[in-house]
1. Quickly run through segment 275-292 and pick out the residues that are farther than 16 Å from residue 76 by Cα and either within 27 Å of the chain's Cα centre (by Cα) or part of a helix (DSSP H, G or I) (or both).
2. Against the condition more than 12 Å from ligand 1 (Cβ to nearest atom), crowded, with 21+ Cβ neighbours inside 10 Å and over 30 Å from residue 165 (Cα atoms), how does residue 297 come out, does it pass?
3. Using the structure shown, decide if residue 381 is more than 17 Å from the chain's Cα centre (by Cα) and either under 18 Å from residue 434 (Cβ atoms) or touching a residue at least 60 places away in the same chain (Cβ under 8 Å) (or both).
4. Could you please tell me which pairs satisfy a Cβ distance under 9 Å, a separation of 6+ or placement on different chains, a first residue in segment 240-257 that is without any contact (Cβ under 8 Å) to a residue 24 or more places away in the chain, and a second residue that is assigned to a helix (DSSP H, G or I) and surrounded by 15 or more Cβ atoms within 10 Å (Cβ to Cβ)?
5. Show the residue pairs meeting these rules: Cβ distance below 6 Å; 6+ apart or different chains; first residue within segment 389-417 and exposed (fewer than 12 other Cβ atoms within 10 Å of the Cβ); second residue assigned to a helix (DSSP H, G or I).
6. So which residues in segment 245-274 are buried (at least 18 other Cβ atoms within 10 Å of the Cβ) and out of contact with any helix residue (DSSP H, G or I) (no Cβ under 7 Å at 6 or more places or on another chain)?
7. Could you tell me whether segment 110-124 includes any residue that is under 15 Å from residue 86 (Cα atoms), within 16 Å of ligand 2 (Cβ to nearest atom) and more than 18 Å from the chain's Cα centre (by Cα)?
8. Which residues, counting only those in segment 222-244, are touching a helix residue (DSSP H, G or I) at 6+ places or on another chain (Cβ under 7 Å) and closer than 25 Å to residue 118 by Cβ?
Ligand SMILES: Nc1ncnc2c1ncn2[C@@H]1O[C@H](COP(=O)(O)OP(=O)(O)OP(=O)(O)O)[C@@H](O)[C@H]1O
Ligand SMILES: [Mg+2]
């Protein structure tokens, strides 16, 4: 799976942040001076002041405040990820199947464990959240059902998972599981909390693949056989994953226990995404705020990228923000095109920022060389250039074999492209090229303390002057 997968939610907040006032160290405020303290209240008997200089902070804020957007009639947050809509078009079948798997719990029987698979943005979390909310709303269920939902991308160790689950079953501070106990003790206290709760407890382990990746099988092994230890409660597990192969890494016993029921969420096609967008658009936008074809354009882009509903919604939201900022009364096709490139830039930057140090050094070496050559470079040279950068920074380089794996990972993340070039007489070489905009990638890389020294060497507009062989900057062309 590429890192361009789950769009990090913060990347969509860029627009709202970009209007904030500049950080300290600015020149003196150029707008009209504030009224002296003790003077008349603002606006009372004051002479009209001259308008603030165009482009000043005051002018920008004045323009924003004057603009009353005609685009929205509802809360634009409806387009954000956190909003769970009342209806999930094109997921009726999956909702029905999840409800059927859970149904035995309504009568006090133990439900089967369930694994939900599907690519990013296919509505897995939204469907399970909606089912949970529906059950929580029913006050008079014949048997007690309690959902405990955890995102294993953040709670990804054996201890932390049992601790988090256990602590969500207690109200009193003194009953909470602290850090520093043995795993056995945490497990038995968790079991005791479950028994005290009684009824059916459904554990929703969202992004369960991350847990397995970070902590292996063990915690799932304990949880999947917990019913043999419980006296008053029954536990069912609902695992959610966008890695279709994660069970390959599970112990056979754990795999068969978790896999009692499986539901696959297929990607949405463009028509389905359009329906999803239309529902939200009806809630948020004023009549005529959308030029015909805008929803189709957002849906088509998102359908090309894995059929991801999150991406379709982000495109519509960012397009509406761009239109709002330009002060126009309609969201147009061009705003969606701009939204697409803005989101792509943010995703690349975020992906690059979160790379481990040697990936950054390797990527930096590749980007700078490709820039210098205005083209690709053979894999053999990549290692040479990477070691040149490491020497420059006095960082011990990794072994060549390890760097080959790093290259494969960067390719999988979509940051570089590798092509095999035939050289005649059966000879072939692999050429590496960058798959992302060079300057944004370098800027993101050079935010890292480790690479800051390289950025100084590169200097403004001198990307092409770094000589790997010597690790020194060349002189500017005359
Ligand atoms: N059928 C649908 N109708 C309305 N909104 C939807 C639908 N499917 C997904 N969404 C919305 O798209 C966004 C992404 O959905 P969700 O978080 O459920 O995806 P996911 O499959 O869990 O993705 P990931 O694997 O990345 O966690 C959410 O804002 C969700 O509300
Ligand atoms: Mg999810």
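The values are calculated or read from the model by the stated rules, or taken from the named source; none is laboratory data. All values derive from a computational prediction rather than experimental measurement. With ideal geometry, Cβ positions are generated from the backbone for all residues, glycine too; neighbour counts draw on all protein chains shown.
1. The answer is 275, and nothing else.
2. Spelling it out, residue 297 is indeed more than 12 Å from ligand 1 (Cβ to nearest atom), crowded, with 21+ Cβ neighbours inside 10 Å and over 30 Å from residue 165 (Cα atoms).
3. Yes; evaluated as a whole, the condition is true for this residue.
4. Here the result reads 245/209; 248/255; 255/247, each pair linking segment 240-257 to a residue that is assigned to a helix (DSSP H, G or I) and surrounded by 15 or more Cβ atoms within 10 Å (Cβ to Cβ).
5. none
6. Correct list: 267, 272.
7. No.
8. 224, 235, 236, 237, 238, 239, 240, 241, 243, listed by residue number.
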